[in-house]
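Q: Structure in C-alpha cells, see below.
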Amino acid sequence: MSKWCVIYSSVTGNTKMIAEAIAEEAGADIFKVQEAPEDLSAYDIIAVGYWLRLGQPDPMMMPYLPKIRNKPVVLFQTHGTEPTTEHAITSFARAGHMLGEGCDILGTFGSQGKVNPKLLEKRVKVNTDPDDPHQSKENRERRAKAATHPDAEDIANARALVAKMEKKKLQREKYAAMRAVKK
C-alpha cells in the first residue's frame, strides 16, 4: 500500500466525512488544509478534498493546491449538485489547473452534500426575485436531496476509491517501466 496523505477543507462536515473515510481505508495521515504540511515528500499519493464555491475549490483550499508538486493526486469534492453535472465535472478541471507543476491526477471523486445553511439563508434574503434560478422548484428539490448526503453509499464509494487508485497507480508504474525498457 502506498503512503497516503489526505488534506481537506470543510465547513458543514461533508468533505470531512469523505476525507475520514478515505484516510481510514488508506491508513493515511489526515490534515485540515490549515494544518497541512508544506513538505509532502514522504507521501506517495496526495488526496485533496474541498467543497465547491462558485464552481471551484473553496477559498481555504485554493492557495494550497499550487504547493502540491510532482505527486500523484486524487481530487475529491462535495457540493450541492449531482456529481455528474457539468458544474461538478468542470470544477475538477479547475482544481487540477490550480495544482503545482508535475502533478498527475490519478482520479477524482464527487459527492453531494448539504449546502451551508448560512449560504441558503443569505440567498433567500438577497434574492427575492421569483425568476432567480437558485429559488426554482428544481433547485429547492436538489438542495433537499443534497441535505441527505454524504450517505452510507457515498462513504462506501469513497472507501472503494482507495483500492481503485492503488490499482491505477500500479498499472501506470508498470506501463512506465515497460516504456522505459523499449527506449
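The values are calculated or read from the model by the stated rules, or taken from the named source; none is laboratory data. All values derive from a computational prediction rather than experimental measurement. FYI the Cβ positions are ideal-geometry reconstructions off the backbone, even for glycines, and counts take in every protein chain you see. Accessible surface areas use protein heavy atoms only, side chains included; no ligands, DNA or RNA. Shrake-Rupley method; radii C 1.70, N 1.55, O 1.52, S 1.80 Å.
Q: Report, in degrees rounded to the nearest 10, the 0 to 90 angle that the Cα long axis of helix 137-146 makes with the longest principal axis of the chain.
A: 50
Q: Something else about it: Per residue, what accessible area does the chain have, given a 1.4 Å probe and all protein chains present, in Å²?
A: With all protein chains present, the chain gives 56 Å² per residue.
Q: Right, another one. Identify all lysines with a Cα-Cα distance to Lys145 below 16 Å; exclude those on the same chain that are fewer than 8 residues away in sequence.
A: Lys114, Lys137
Q: Calculate log10 I(q)/I(0) of the chain for q = 0.10, 0.17 Å⁻¹, where I(q) comes from the Debye formula with a single equal point scatterer on each Cα and nothing for solvent.
A: Ignoring solvent entirely, the Cα scatterers give -0.42, -1.05.
Q: Something else: Quick one: net charge around Val48, please, counting Lys, Arg +1 and Asp, Glu -1 for every other residue with C-beta under 11 Å from its C-beta.
A: After counting each charged neighbour, the total is +2.
Q: Next question, about the same structure. Would you mind telling me the antiparallel percentage of the DSSP bridges in the chain, rounded to 5?
A: Numbers: 2 of 25 bridges.
Counting DSSP beta bridges with both partners in the chain, the antiparallel share is about 10 percent.
Q: Same structure, new question: Say a paramagnetic label sat at a point 7 Å from the Cα of Leu170, along Cα to Cβ; which residues of the range 62-84 have their backbone N under 20 Å from it?
A: Answer for the range 62-84: 72-74.
Q: Round to the nearest 10 and give me the degree value, 0 to 90, for the angle of helix 86-98's Cα axis relative to the longest principal axis of the chain.
A: Here the helix axis deviates by roughly 50 degrees.
Q: Another one. In nm, to one decimal, how far is the modelled label at Glu153 from the one at Gln34, with both set 7 Å along Cα→Cβ?
A: With each label placed 7 Å out from Cα toward Cβ, I get 3.4 nm.
Q: Further question: Please report the carbon-and-sulfur percent of the accessible area for the chain; probe 1.4 Å, protein heavy atoms only, DNA, RNA and ligands left out. Write down the numbers at each step before the final one.
A: Working: 5520 of 10210 Å².
Carbon with sulfur: 54 percent of the solvent-accessible area.
Q: Do any GluC sites (Glu not before Pro) in the range 1-66 lie in a DSSP loop with no more than 10 other beta carbon atoms within 10 Å, and if so, which? Please list the in-between numbers first.
A: Working: sites: Glu20, Glu24, Glu25, Glu35, Glu38; in loops: Glu38.
Qualifying residues, ordered by number: Glu38.
Q: If the elastic network links every pair of Cα atoms under 10 Å, which of Ser91, Ser41, Ser111 fluctuates the most in the Gaussian network model of the chain?
A: For the chain, modelled as a Gaussian network with Cα springs under 10 Å, the answer is Ser41.
Q: So what is Rg over Rh here for the range 1-108, counting just Cα atoms and using Kirkwood for Rh?
A: That ratio is 0.93, to two decimals.
Q: Now a separate question. List the residues, sorted by chain then number, that are 5 or more residues from Gly80 or on another chain and whose placed amide H is less than 5 Å from its amide H.
A: It is Gly113, by chain and number.
Q: Could you let me know the centre-to-centre spacing of the range 1-24 and the range 77-94, using Cα atoms, in angstrom?
A: Taking the Cα centre of each part, the range 1-24 and the range 77-94 sit 18 Å apart.
Q: Let me ask you something else. Modelled label-to-label distance, Glu86 and Asn70, 7 Å Cα→beta-carbon offset: nm?
A: According to this spin-label approximation, the distance is 3.9 nm.
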